[in-house]
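No value in this document is a laboratory result; all are computed from the given coordinates. Note that the structure is predicted; figures quoted are calculated from it, not measured. Backbone-built Cβ (ideal geometry, glycine too); neighbour counts: all protein chains shown.
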Amino acid sequence: MGISGACRDLTILSVTPAGPVGGQHGCYYLEFDNPGLAAAVAGQFVMVRPACFGSDPVWPRPFSICRLTAERLTLFVQACGRGTDILCRLVPGDAVTVWGPLGQGFGLEPEVPTVMLAGGVGIAPFVEYAATHPAPHNLALLFGHRQPLTCYPFAELAQVAARAEAFEEKTPDDLPRFIELLEKTVAEYAGGLIVACGPRPFLVTVARLARRYGARAQVSLENRMACGVGGCLGCVEKNVLGQYVQTCTEGPVFWVEELSLSEDA
């Protein structure tokens with residue numbers, strides 16, 4: 001799959017709240033018609049700019065592809081800022097410009113035991129990953145979240161052989177307990193393949209554990225982007241050589257050993 005995809009004007013089919021938590025910081029499924037976007041590799045993303053943005057906000061927003069078929073594109077979006085708030089208030093029939101699929105996706109090794117590590121809305125690309133994986137009996141999922149489980153597409157990964165989830169209710173013991181479970185999982189799959197997506201602290205922890213256990217691991221970064229095609233240099237990430245690489249074109253999925261990946265990078 002190439003690093004750049006087609007630009008299309010799509011139409012919103014539906015905007016559906018995910019679970020009981022709506023409004024501010026709620027999660028939504030956005031479904032679009034698909035008049036010709038190419039097939040995606042799980043982990044790739046699209047840039048989205050609704051017509052109602054006008055001249056403010058200026059920049060489009062990037063989103064991992066949750067599901068892409070010949071008929072429709074599905075995104076899983078958390079309303080967490082001005083742009084995403086506008087997106088989650090769209091109604092059927094609204095026009096949206098979308099370009100993609102973009103970037104590099106997750107590796108696919110059907111015969112290798114593979115675990116998907118997801119944090120919060122980082123579960124989105126694993127819906128596509130599981131749906132297109134030829135050997136779901138070799139897939140497992142560990143999911144950490146801070147909203148009720150019904151607010152996420154956890155049920156849509158029912159075909160995965162093993163699923164576990166941890167609800168972080170912001171009590172003092174939650175985070176250490178989840179990190180302990182994460183370490184146990186990374187150690188278990190050190191001889192297989194680990195694919196991870198979530199907030200930066202989560203990915204930093206995954207990278208640290210993967211290095212500790214010599215595991216083969218890929219992480220999908222959630223760096224801010226303005227163009228998605230390598231033109232603005234706004235999404236760069238430091239690699240192990242101390243050089244900066246573009247997340248949009250060389251990622252968003254990287255092997256852990258390629259990146260320095262720290263909190264302050």
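Please work out the Kirkwood hydrodynamic radius for the stretch 34-174, using every pair of different C-alpha atoms, and report it in angstroms with one decimal place. Intermediate results must be reported in sequence, preceding the final value.
On the way: mean 1/r = 0.0610 Å⁻¹.
Computed over the stretch 34-174, the radius equals 16.4 Å.
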From the backbone phi of the stretch 145-159, what are the Karplus-calculated ³J(HN,Hα) couplings (6.51 cos²θ - 1.76 cosθ + 1.60, θ = phi - 60°) in whole Hz, Gly and Pro given as x?
-> 8, 10, 10, x, 4, 5, 7, 10, x, 5, 5, 6, 10, 5, 6
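Would you order Ile65, Ile86 from fewest to most other beta-carbon atoms within 10 Å of each residue's own beta-carbon?
Working: Ile65 27, Ile86 15.
Result, fewest neighbours first: Ile86, Ile65.
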For the stretch 6-102 the mean separation of alpha carbon contacts under 8 Å (6+ apart) over residue count, i.e. relative contact order in percent, is 42
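Okay, helix-only estimate at 222 nm for the chain: each DSSP H run of n ≥ 4 adds -39500 (n - 2.57), divide by all residues, round to 500 deg cm²/dmol; what do you get?
Working: 5 runs with 48 residues, N = 265.
Helix contribution divided over all residues of the chain: -5000 deg cm²/dmol.
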How large, in Å, is the stretch 130-181 by the Kirkwood hydrodynamic radius built from its alpha-carbon pairs?
-> 12.2
Rg/Rh of the stretch 114-258 (Cα atoms, Kirkwood Rh), to two decimals, equals 0.97
Mean separation of Cα contacts under 8 Å, 6 or more apart, over the residue count of the chain: relative contact order % = 19
Note the angle between two axes, namely the Cα long axis of helix 200-213 and the longest principal axis of the Cα atoms of the chain, as a number of degrees from 0 to 90, rounded to the nearest 10.
-> 30
May I ask for the angle, rounded to the nearest 10°, between helix 174-188 and the longest principal axis of the chain, with both axes built from Cα atoms and the value confined to 0 to 90°?
-> 70
Volume of the Cα convex hull of the stretch 86-153, divided per residue and given in Å³ = 140
Sorting Thr84, Thr11, Thr171 on the 10 Å Cβ count, fewest up front, what's the list?
-> Thr171, Thr11, Thr84
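Could you put Tyr152, Tyr29 in order, starting from the residue whose Cβ has the fewest other Cβ atoms within 10 Å?
Lowest to highest Cβ neighbour count: Tyr29, Tyr152.
DSSP loop trypsin sites (Lys or Arg not before Pro) in the stretch 163-249 with at most 14 other Cβ atoms within 10 Å of their Cβ, which ones? Intermediate results must be reported in sequence, preceding the final value.
Details: sites: Arg163, Lys170, Arg177, Lys184, Arg208, Arg211, Arg212, Arg216, Arg224, Lys238; in loops: Lys170, Arg216, Arg224.
When the trypsin sites (Lys or Arg not before Pro) of the stretch 163-249 are filtered for loop state and at most 14 Cβ neighbours within 10 Å, Lys170, Arg224 remain.
Using a 10 angstrom Cβ neighbour count of at most 12 plus a DSSP loop assignment to flag exposed GluC sites (Glu not before Pro), which longest range of the chain is free of such sites?
On the way: sites that count: Glu71, Glu111, Glu169, Glu263.
Looking at the chain, 170-262 is the longest stretch - no exposed GluC sites (Glu not before Pro) with at most 12 other Cβ atoms within 10 Å.
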